Structures are given as structure tokens and as C-alpha cells.
1. So which of 157, 113 is assigned by TED's automatic domain parsing to the domain that holds residue 87, among the polar types (S, T, N, Q) and surrounded by fewer than 17 Cβ atoms within 10 Å (Cβ to Cβ)?
2. Residues to consider are 83, 70; find the one that is surrounded by 15 or more Cβ atoms within 10 Å (Cβ to Cβ), under 27 Å from the mean Cα position of the chain (by Cα) and in contact (Cβ under 8 Å) with a residue 60 or more places away in the chain.
3. Strands (runs of 3 or more DSSP E) wholly in region 289-373 with at least 3 residues that are in contact (Cβ under 8 Å) with a residue 24 or more places away in the chain and surrounded by 17 or more Cβ atoms within 10 Å (Cβ to Cβ) - which ones?
4. Filtering region 40-64 down to residues that are in a strand (DSSP E or B) and hydrophobic (A, V, I, L, M, F, W, C), which residue is nearest to the chain's Cα centre (by Cα)?
5. Looking for whichever is out of contact with any Ser or Thr (no Cβ under 7 Å at 6 or more places or on another chain), of a type outside the set (Ser, Thr, Tyr) and farther than 27 Å from residue 231 by Cα here; the options are 19, 39. Which one fits?
6. Evaluate region 32-39: report whether one residue or more is of a type in the set (Gly, Ala, Ser), touching a Phe, Trp or Tyr at 6+ places or on another chain (Cβ under 7 Å), closer than 28 Å to residue 257 by Cα and part of a loop (DSSP other than H, G, I, E, B).
7. Working only within region 344-373, note down all residues that are under 26 Å from residue 148 (Cβ atoms) and among the aliphatic types (A, V, I, L, M).
8. Quick check, is residue 57 more than 26 Å from residue 283 (Cβ to Cβ), modelled with pLDDT of 95 or more and of a type in the set (Lys, Arg)?
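The values are calculated or read from the model by the stated rules, or taken from the named source; none is laboratory data. Predicted, not measured: the structure shown is a model, and the values here were computed from it. Neighbour counts are summed over all protein chains in view; Cβ atoms, including those assigned to glycine, are modelled from backbone coordinates with ideal geometry.
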Amino acid sequence: MQRVQKKHIIQDLNKKMVFLVGPRQAGKTWLAKDIGSQFPNTLYLNYDRIEDQSIIKNESWLKDTQLLILDELHKMPNWKNYLKGIYDTKPSHLKILVTGSARLDIYHQIGDSLAGRYFLHHLLPFSPAELHQLNQPVDIDRLLKRGGFPEPYLTNSDIDAQRWRMQYVDSLIRTDALELETIHDIRAIQTIFELLRTKVGSPISYASIAEDIGISPHTVKKYIHILEALYIVFKITPFSRNIARSLLKEPKLYFFDTGLVKGDKGSQLENLVAVSLLKHIYAKRDYAAEEYELKYLRTKEKKEIDFALICDNKIQQIIEVKYSDNSLSNALEAFSKKYQLSATQIVKDLKREQVHKEIPIQRVDHFLQALDL
């Protein structure tokens, strides 16, 4: 199946290097090779292959190569300076596409020698918006059960989808996590991972998790950061115009793979909405250069709104998610009225869409598939 980002990446390759980042098995390598088929002379090199390492280190590709795809390059020592040298001395006809895990995304944030030499693209699992743009049926139940990763979503077997997920998680925790950073207690990070699967949509207390497991809050924070770095979970913090205060408040964590969520149907639905909105946010940043963020709202009285779309530190829209409750959320109505905010309530099992007190109540699939990508 095609991916909607293909045309954007090809356009950017004519301007700079392109970094394609995202979760493992989200389709980065497949998409890179599909893009490569558009060029007469494409070379794909994976740093995990010993024979490819030699070609990479010696820069021994043919001079007429038009597209150079470098996969897993972040595992190469001093890879950023290597890429800088390649880019600064390459012939004008050579395009460079670099794919890899979230480590590329982390490194790009800390300021480095590659500044100004690349465009960043995020590839996330299928969402209702992407499926709609690809003229594919939008099956919310299938996305809730299987998640949006291509292999489990597209397979005809529920058992095969679950077998994929078990192997995927095992390889992430046992292999990728150990490669990313030194982990002294593999059981602790596994326990944190399993605990987070039951806490989707709830504010997370590092101290509380630390007490439950018997480790320090610092270690809990470190291990959750590793899970973030590997694109297993992502964090949403409460919105506050005072950034320092916002960072001190409890975050909520969601999984890139909705199929990993353990909990009621409401938690699974909230996770699907979260990852779909995050994909929308990345599109705003990557392609429109707009400063969008995904937050949630919470008062001192602990009244919450599930999601808030933020642009230039201003709330654009607040969103409340319900599985089957058709009545308007009191908190959503109160926030919208008090602060004059655009608000929408989205419901999975909804017989009839309506507008109540100037607030639309929409079906989840209709709302999600209309998001910009």
C-alpha cells in the first residue's frame, strides 16, 4: 500500500537530505525503497549488513548513483560528521535519504553539524486520515484491535497480528533498548512497559511507579525516556502558557501501537485518537512549518479535557473523546464557554451527529479521517 508522504519526500530530496524517522516496522524501509524505484540509479545500504558497512565507510558507490539510501546509519560511530562530509562534497545529481529509528529524531534536537542540511519527515502507523486519503476503508474497530502498523493491520489473520506484536515488543525491549542505552535492570523496564499499558490516558506519577516497582523515580524517568526514544510511547503534557510550570505537571503517556493498550474500550479509543492527532501535528510541523503541539487541559480541581491542539502557544481546538456517551461533556462545555475556545466532542458509537450548545458532537471516524496530513 502506498504512503501519503511519498510525494513530499521526493520534493524535499531535490532541496536537501531527507531524514525519515519513526517507529520500527512502521514502513520506513519499504517507503524508502519505493521512492528509490522512482530514480534510475538507486543504491540502498543498511549499516546492519557487514558488506554494506565497507561501502559506506569507503564511500565506494558508483559515481552515477542518483539516490543514496542509508538505513540504520545512526549505529555508525561519528555518523553526523560522516553525513556532513558526504553532503558537503557530493555531486549535484546525488540525493540522500537517511532512515532509522528515533535516535535520529533525538540527535536532531540537540543541535549539531547537520543543521540546515536536511528536512525531517516522521512516518507513523496508518491513521484514519491516511487510509481515507489512500481511498482505503476506514475501519475503526480494526485499528483499535490491531493498531496501525502495516503488517498487523493488513494481515488477514488476528493470530498472525498478535504473533507480530509479541515478537515486535520482545525485540524492542531486549535488543533495541539495550543498544540505545545501558540498562542495569531489564526486568524493571519490562515491568514499567507492562504497567504503562494499563495507564493509558491517565496522568503518570514517576514517584508512584517507582514505589510500585521498588526503584528510584530517576530510574523510572530514565526508562520511560528510553521507551519514548524507541517510539514505543509518547508523552502529552498539560497546556500552560508558563512552560516551566507545564513541565512540572504530570504527563499522560500513549502508545504508538494502539494494539498494545490494556484497558477498557475507552482507553483504546483515546489512544487511537492521540496517535492520530500526533500524526496530524507532525504533518503541520514537517510540511507546513507551523509550530503545532499536542497537549491536554487540567485544572486544579482536576477537571480535564482529553486533547488540545496548540499553535504558537495558543489553543486552536479542544477535543473530548467518548466511546458511546452522546451527552455533551460538562468539562468541555465549561472550558469552551469560559475561554471562548473552539471545541469538538467525538464519539465512536454515535447514532446521529449534532451540534449542542454550539459544540459539534461528531463520529470519531469522520473527525479523524478529516485531519490534515
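1. Of the residues listed, the single one that is assigned by TED's automatic domain parsing to the domain that holds residue 87, among the polar types (S, T, N, Q) and surrounded by fewer than 17 Cβ atoms within 10 Å (Cβ to Cβ) is 113.
2. From the options 83, 70, the qualifying one is 83.
3. 292-298, 304-311, 314-322, 343-347
4. 45
5. 39
6. No, there is no match, as no residue in region 32-39 is of a type in the set (Gly, Ala, Ser), touching a Phe, Trp or Tyr at 6+ places or on another chain (Cβ under 7 Å), closer than 28 Å to residue 257 by Cα and part of a loop (DSSP other than H, G, I, E, B).
7. Within region 344-373, 346, 347, 350, 361, 364, 368, 370, 371, 373 qualify.
8. Yes.
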